[in-house]
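Before any comments, here is the structure.
Just so you know, all these numbers are worked out from the coordinates, no wet-lab data involved. The shown structure was predicted, so the numbers you read here are calculated from the model rather than taken from an experiment. We place every Cβ from the backbone using ideal geometry, glycine too, and count neighbours over all the protein chains shown.
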Amino acid sequence: MKKYILTRLIQMIPILLGITVLSFILTNLSAADAVDIMESNQGIAMSAEEKNELRQELGLDRPVTEQYVTWLGNLLKGDMGESFVSGQPVLSSFLSKLPATIYLTVVSLLLTVGISIPLGILAAVRQNRFWDYLIRLFSFIGNSLPNFFAALLLIYFFSLKLKIFPVMGNTGDWKSVILPAVTLALAMTSKYIRQVRAAVLEELDQEYVQGARARGIRKKRILLFSVLKASMLTIINLLALSIGSLMGGTAIVESIFMWDGVGKMAVDAITMRDYPVIQAYVIWMAVIYVVINLAADLICHYLDPRIRLGQEEAQ
């Protein structure tokens, strides 16, 4: 197990380095450099001499490879530069937005798991019956609704008409997180239900299930302690992808509900061409996806002996 973890950690290094290279190069392909963008965002006219001095101070007159090495060195020290718009350190600004995104992520995942797993199991157990058709119908509808449209519908009915939840913003009240969390959970739940249903149906057709039934073991016990456990691998992989995207902040939903999280910060940075913030966001997304997928692989490696046996045979 330790060797497997060490191997996966070593494999992460070139992936993350490659992402830093792409992030740095793409943000430096713009016709306007950092000085021009700072001048535009701050609304201050600068002379050519002042611009040249500032470029020398920021190291923009040096070769791109040297700029990248300096930027990467500062990044490893936790220095992501300063925002072109606010002038504040990017890392502190980013960390200040992270709790709101984590809060929204946790609530969305709890809603998704709490709804999709029971409904997916029910649809599988009641295959080709009324409940199966009804659950699949709602999952298709939920999967076809774009996030922005679902968000607008929820705001219209539950905020403007019924006045149950606030329209937008993180007010600190638990009600403010409900609508954005439900918007995110709606699409994820629809996907999860179909995947859980397919995984459970596949397991119900296995020989060990038929053998357990022949021995007189109750169907509910087989479902909870055997079938659901075997289906957890599919659920864990789905959760890994969902956590990665949610922790990166869902830009559309956060912007619609004015949720002051990482996603909204990224949208604002793209609009204002705030390159240091954009670079920080790209690096964050890469780290989150790599770490979460590593955690999912380790959990699957622990739960499924077939994976361990396959790796041992390969060695």
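Below, the figures for the structure above:
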{"quantity": "Rounded to whole Å, sorted largest first: equivalent-ellipsoid semi-axes of the chain, Cα gyration tensor", "calculated": "45, 28, 13"}
{"quantity": "Between helix 228-247 and the chain: long-axis angle, C-alpha atoms, 0 to 90°, nearest 10", "calculated": "20"}
{"quantity": "Normalised contact order of the chain, rounded percent, pairs of Cα under 8 Å and 6 or more residues apart", "calculated": "23"}
{"quantity": "Top of LEU184, LEU95, LEU76 by mean-square fluctuation, Gaussian network on the chain, Cα under 10 Å", "calculated": "LEU76"}
{"quantity": "Sparse-neighbour loop sites [chymotrypsin sites (Phe, Trp or Tyr not before Pro); segment 83-183; at most 11 other C-beta within 10 Å; DSSP]", "calculated": "TRP174"}
{"quantity": "Note, ³J(HN,Hα) from phi for segment 259-268, Karplus 6.51, -1.76, 1.60, rounded to Hz, x at Gly and Pro", "calculated": "7, 7, x, 5, x, 5, 4, 5, 4, 4"}
{"quantity": "Qualifying trypsin sites (Lys or Arg not before Pro) for segment 168-256 [loop in DSSP, other Cβ within 10 Å: at most 15]", "calculated": "ARG215, ARG218"}
{"quantity": "Length-normalised contact order for segment 85-238 - Cα pairs under 8 Å, 6+ apart - percent", "calculated": "29"}
